[in-house]
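Engineer: Please see the structure below; I have some questions.
Nothing in this text is a laboratory measurement; each read-out follows from the coordinates by a stated rule. Nothing here was measured: the structure is a model prediction, and the numbers come from that model. In this analysis, Cβ positions are derived from the backbone assuming ideal geometry, glycine residues included, and neighbour counts consider all displayed protein chains.
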Amino acid sequence: MKKKILVAVDGSYCSLNEIHYLSKLYTGYDDISIHLISVISGSLPPDSEWLNEEDKMNMLSPEARKKINLTKKFLREETAFFTHHGLGENQITSAIQVARSGIANDLIHEMHKGSYDALVIGRRGLGKLQELVLGSVTTTILERCLNVPIWIIDGEIDSRRFLVPVDGSWRTLKAVDHLSFMLENVQNIEIALFHSVSWLTPKKSLDSDKFHEIWGREWCEEHLGRPDAMFHGPEQLLRENGFDMEKVFRIEESRGPVAALDIILELRDKKYGTIVMGRRGPDEPTGIFGGVSGQVLRTVNDVAVWLVN
């Protein structure tokens with residue numbers, strides 16, 4: 001099954017980091033479809049949807065038209081970068097859209113409309129106080145988009161080492177499920193399944209109905225009823241998708257009082273390129289220190305963070 005990835009680009013260094021990351025990960029694999037979208041600020045009448053492109057351009061301000069022409073240029077360059085690095089021209093599409101209800105909302109709308117498997121966005125100042133207070137496209141998407149995996153790219157990433165925190169919950173297993181699908185058949189990937197046993201980390205209460213709903217009762221009874229199910233369940237998902245299990249490792253660690261600190265220290269010490277995390281819903285408790293994924297995202301640099309609900 002072809003994987004569909006939506007990539008939000010704007011011609012900045014953040015966009016270049018996204019393109020670099022995806023080309024490094026997927027060069028030579030033909031089951032990937034990448035759609036580059038750039039949403040630019042501007043204003044069109046509500047009923048302009050049915051106009052052709054020439055009429056729409058004539059209704060825009062000179063500044064907006066200039067932005068569109070510049071955007072066309074960098075979309076051509078980014079598409080050429082992908083094809084130069086081994087992806088086929090038929091795997092890359094692109095579009096420019098004038099913002100209708102705000103850049104973040106338009107991206108969320110496009111993501112749902114196109115049934116994408118992931119949204120890739122760049123991290124620009126996420127975690128800095130001014131960005132958190134004033135808001136940003138990335139922050140808004142994280143707050144409002146809770147049912148599609150989001151990949152946040154920070155820095156130029158070359159490492160093919162993935163860190164996947166696991167805690168026995170269905171959310172972390174779902175994160176592994178997403179990873180196993182998106183990296184199926186991709187070679188030279190190393191995966192560390194990481195469990196924090198920090199003393200302030202609460203034990204997870206397992207919701208067996210949720211596991212059964214997603215993976216089926218028979219599979220769950222076979223693979224999640226073992227003493228080592230926290231690791232074995234994720235390993236089985238990877239095994240079923242053809243991963244080289246000699247490159248999948250188990251790690252248990254306790255260096256700090258909370259899981260987030262253990263994860264952050266592991267990331268810094270071992271030079272992973274990507275961390276894949278299950279993400280709580282907005283109505284779920286996050287504990288006195290806040291959600292683990294939020295703490296990690298605010299702290300780490302030069303890493304890709306995949307957040308999976």
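Engineer: Normalised by the empirical 2.2 N^0.38 Å for globular proteins, what value does the Cα Rg of region 208-247 take?
Structural biologist: Details: Rg = 10.6 Å, N = 40, 2.2 N^0.38 = 8.9 Å.
Here the answer is 1.18, to two decimals.
Engineer: What does the C-alpha gyration tensor say about the overall shape of region 137-182? Classify as rounded when a/c is under 1.5, otherwise prolate if a/b is larger than b/c, or oblate.
Structural biologist: oblate
Engineer: Between ARG65 and PHE181, what is the spin-label point distance in nm, taking each point 7 Å from the Cα along the Cα→C-beta axis?
Structural biologist: The modelled label-to-label distance comes out at 4.4 nm.
Engineer: Now, a different point. Over 15 Å, how big is the tail of the calculated P(r) for region 72-121, in percent of all Cα pairs?
Structural biologist: Counting every Cα pair in region 72-121, those more than 15 Å apart make up 57 percent.
Engineer: Measure up LYS174/LYS271; LYS3/LYS24; LYS4/LYS24; LYS2/LYS73; LYS4/LYS73; LYS24/LYS247 against 26 Å on the Cα-Cα distance and list the ones that go over.
Structural biologist: Cα-Cα > 26 Å for LYS2/LYS73; rest within.
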